[in-house]
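Worksheet for the structure shown next.
The values are calculated or read from the model by the stated rules, or taken from the named source; none is laboratory data. This is a predicted model, so every value here is computed, not measured. In this analysis, Cβ positions are derived from the backbone assuming ideal geometry, glycine residues included, and neighbour counts consider all displayed protein chains. Accessible surface areas use protein heavy atoms only, side chains included; no ligands, DNA or RNA. Shrake-Rupley method; radii C 1.70, N 1.55, O 1.52, S 1.80 Å.
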Amino acid sequence: MTLALCLCSSVSYCACLRNKGKLTSAPTLAVLVTGDTSVVLWWFTTCGASGPHGPTQAQCDSAYKNSNVSVTVEKEGRLRGVQVWRVPATNRYRISAYGAAGGKGAKNHNKRSHGVFISATFQLEKDELLYILVGQQGEDACPGGNPETQKICLGESSLIEEDYKKKKDLKDWAGGGGGGGGATYIFRQKDGIFEPLLIAAGGGGKAYLKAQDSSLDDVPLEQFENSTAVPGVSGRTGAAGGGGGWQDESLLPQAGKSLLEGGEGGQACPQALAKLQWATSGGFGGGGGACTSGGGGGGYRGGHASDNDDITAGGQDGISFVNPIGEIFLHPLAAMESHGEVEVQIYLNCSHCHSDNCKRDPDTNLPVCQCEMGAVLANDNVTCTGKIHLPLPLLLAVVAVIVVLGMILTCGSLSISKKHLLLINL
């Protein structure tokens with residue numbers, strides 16, 4: 001199990017730093033409680049699936065074995081690969097979604113575009129069905145599928161760069177970009193119509209080559225929509241595929257499919273497949289397929305791909321979404337370095353506590369207020385009182401600082417007095 005540094009906005013929720021300092025989910029065990037609901041946390045993954053297509057029922061049965069998660073995986077139709085989870089009890093739930101990262105380029109592989117993390121709280125009813133599409137990472141260009149592409153990946157061939165310098169169109173040789181990352185979608189069916197609740201966008205695929213100007217890597221603030229009145233369209237497709245949105249029609253094979261089309265990742269562009277057989281697809285969740293440029297990330301609105309097959313043009317990240325019926329908890333943050341994930345937990349309301357912190361009592365299943373270190377919970381079980389005692393290490397550090405400052409002041413005073421005496425003697 002990986003050690004993680006956790007940043008907690010309350011006792012009931014922690015976002016954790018690991019994997020080279022990126023925000024990801026910490027390894028978590030479900031907490032057992034009594035009452036109508038046996039657990040307070042459920043964790044959903046890709047079930048081991050990767051690439052442009054979602055998992056099967058057998059994969060998810062295996063992945064969730066010996067856990068508290070049980071899902072039905074759609075096996076046909078436009079929702080194939082989507083996991084369906086039945087809400088165990090009427091309650092407020094905090095849903096945290098992680099979009100998938102984009103793929104790396106053949107000579108642009110130091111880092112990938114991260115998938116987006118976003119979290120919000122929703123009221124859900126017992127036996128309501130929650131549809132969960134967990135985004136899958138866009139495919140990397142390397143190691144390549146044949147001797148020529150493997151040479152390019154190893155830096156032993158500059159075939160594509162040389163062709164690009166001559167023609168700037170790459171019609172003869174193309175490929176080597178990364179596929180767009182798939183978005184993670186959480187939605188439900190209401191009156192026969194699918195309604196998005198929370199969508200965490202996927203990262204765009206990297207281009208074949210990194211741009212020399214590092215400012216091109218500057219990432220704007222992560223965006224999200226919170227109104228279904230804004231169309232959830234797919235990203236623009238050029239040589240590489242644009243990312244799939246919530247509802248749109250994809251006309252080209254490299255374009256990532258929108259959620260309501262099935263959310264499959266796009267294929268590599270035809271010219272990449274033709275000569276170098278570079279089959280770099282977008283991830284499940286609407287990731288755009290790659291060309292020499294990168295594919296767009298999936299989302300409520302998909303990320304655009306470059307109009308031209310620019311050798312240094314990465315695909316754009318998708319745009320996330322929070323339904324206005326939910327209360328946003330953490331705003332979007334580009335954080336995920338691999339496949340997407342979803343965490344659903346029963347919301348623990350600590351707003352009545354003086355400290356805004358609480359934990360769930362294992363016997364009563366009710367929130368119990370917690371105080372800052374050194375303070376004591378009063379008899380009303382809400383306010384914090386009592387003298388705050390500093391921990392011994394901190395107390396010793398304070399004493400040491402005071403002693404050092406005292407020595408400095410003493411030495412300074414003696415020096416000044418000595419100079420004063422010398423002046424008097426003169």
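Quick look at the numbers
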{"read-out": "Leu366, Leu133, Leu159, ranked by accessible area, largest first (probe 1.4 Å)", "value": "Leu366, Leu159, Leu133"}
{"read-out": "Residue-level accessible surface for Lys126, protein heavy atoms, 1.4 Å, Å²", "value": "120"}
{"read-out": "Global geometry of the range 232-325, whether rounded, prolate or oblate, following the gyration tensor of its Cα atoms and the 1.5 cut on a/c", "value": "prolate"}
{"read-out": "Burial order of peptide ranges 196-203, 271-278 (average beta-carbon count within 10 Å, highest first)", "value": "196-203, 271-278"}
{"read-out": "27 Å Cα-Cα threshold exceeded, pairs from Lys126/Lys359; Lys104/Lys190; Lys75/Lys257; Lys165/Lys275; Lys166/Lys275", "value": "Lys104/Lys190"}
{"read-out": "The range 144-211: GluC sites (Glu not before Pro) falling in loop per DSSP and having at most 13 other Cβ within 10 Å", "value": "Glu156"}
{"read-out": "FRET E, pair Asp361, Lys190, Förster distance 25 Å, beta-carbon r, rounded to 0.05", "value": "0.15"}
{"read-out": "Net dipole in debye of the range 304-393 [+1 Lys, Arg Cβ; -1 Asp, Glu Cβ; about Cα centre; nearest 20]", "value": "680"}
{"read-out": "Rounded accessible area of Cys142 (nearest 10 Å², 1.4 Å probe)", "value": "40"}
{"read-out": "Sequence ranges 299-312, 84-97, ranked by mean other-Cβ count within 10 angstrom, highest first", "value": "299-312, 84-97"}
{"read-out": "With DNA, RNA and ligands ignored, accessible area of His331 (1.4 Å probe; Å², nearest 10)", "value": "110"}
{"read-out": "Asp307 paired with Lys111, simple spin-label distance in nm, labels 7 Å along Cα-to-beta-carbon", "value": "2.9"}
{"read-out": "Accessible surface ranking that places the most exposed of Leu333, Leu409, Leu260 first, with a 1.4 angstrom probe", "value": "Leu409, Leu333, Leu260"}
{"read-out": "Rounded percent of accessible protein surface that carbon and sulfur make up, the range 314-386, 1.4 Å probe", "value": "50"}
{"read-out": "Potential extension, Arg78-Thr228 segment - 0.36 nm per residue separation minus Cα distance", "value": "51.9 nm"}
{"read-out": "Estimated FRET transfer efficiency when R0 is 22 angstrom, pair Asn68-Ser351 (beta carbons, to 0.05)", "value": "0.20"}
{"read-out": "R0 of 51 Å, Cβ-Cβ distance Ala58-His331: FRET efficiency to nearest 0.05", "value": "0.85"}
{"read-out": "The range 183-290: GluC sites (Glu not before Pro) falling in loop per DSSP and having at most 12 other Cβ within 10 Å", "value": "Glu249"}
{"read-out": "Carbon plus sulfur fraction of accessible area for the range 112-187, probe 1.4 Å, in percent", "value": "48"}
{"read-out": "Approximate spin-label separation Glu125-Leu396, in nm, with each point projected 7 Å along Cα-to-Cβ", "value": "6.0"}
{"read-out": "Heavy-atom accessible area order for Met407, Met336, largest first, 1.4 Å probe", "value": "Met407, Met336"}
{"read-out": "DSSP-assigned coil residues among GluC sites (Glu not before Pro) in the range 312-371, each with at most 12 further Cβ atoms within 10 Å", "value": "none"}
